[in-house]
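Below is one structure; the comments refer to it alone.
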Ligand SMILES: [Zn+2]
Ligand SMILES: [Zn+2]
Ligand SMILES: [Zn+2]
Ligand SMILES: [Zn+2]
């Protein structure tokens, strides 16, 4: 039987339809957007609030102040919006607004939820 490939919605790489993650960008949901807090599948564009946990699916980027869908990167400035779980045995990437790690359940303190602009990108030019 032929295998079907579909582009990853995050990076565009063709990925096997039954793959559990994208080998190129590492996203665990190559074909769907997931709520960063409860990991329920959400529809981008038609939903404003996660049906599972009620969190907003659009946020203001802490780096550029633009509006962006809750995903790995800000859609306006491209800054990464993921932080690492502070649990040294976990380290799973977590959306910066998550108060708890979705992988190990550890609480993420506000100081560990700070995203920084990517080096060489996102910083507004001085004038
Ligand atoms: Zn990808
Ligand atoms: Zn949710
Ligand atoms: Zn931004
Ligand atoms: Zn964790």
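The values are calculated or read from the model by the stated rules, or taken from the named source; none is laboratory data. Bear in mind that the values here come from a model prediction, so they are computed numbers and not experimental data. Quick reminder, even Gly has a Cβ in these numbers, built from the backbone with ideal geometry, and neighbours come from all protein chains shown.
Counting only residues that are under 20 Å from the mean Cα position of the chain (by Cα), more than 20 Å from residue 43 (Cβ to Cβ) and assigned to a strand (DSSP E or B), the range 1-24 holds 1 of them. Inside the range 53-89, can you point out the residues that are within 16 Å of ligand 1 (Cβ to nearest atom) and either assigned to a loop (DSSP other than H, G, I, E, B) or farther than 23 Å from residue 11 by Cβ (or both)? 71, 72, 75, 78, 81, listed by residue number.
With respect to the stated conditions, residue 48 fails to be modelled with pLDDT under 95, more than 30 Å from residue 4 (Cβ to Cβ) and away from ligand 1 (no atom under 16 Å from the Cβ). In this structure, is residue 6 without any contact (Cβ under 8 Å) to a residue 60 or more places away in the chain and within 23 Å of residue 117 (Cα to Cα)? In short, no.
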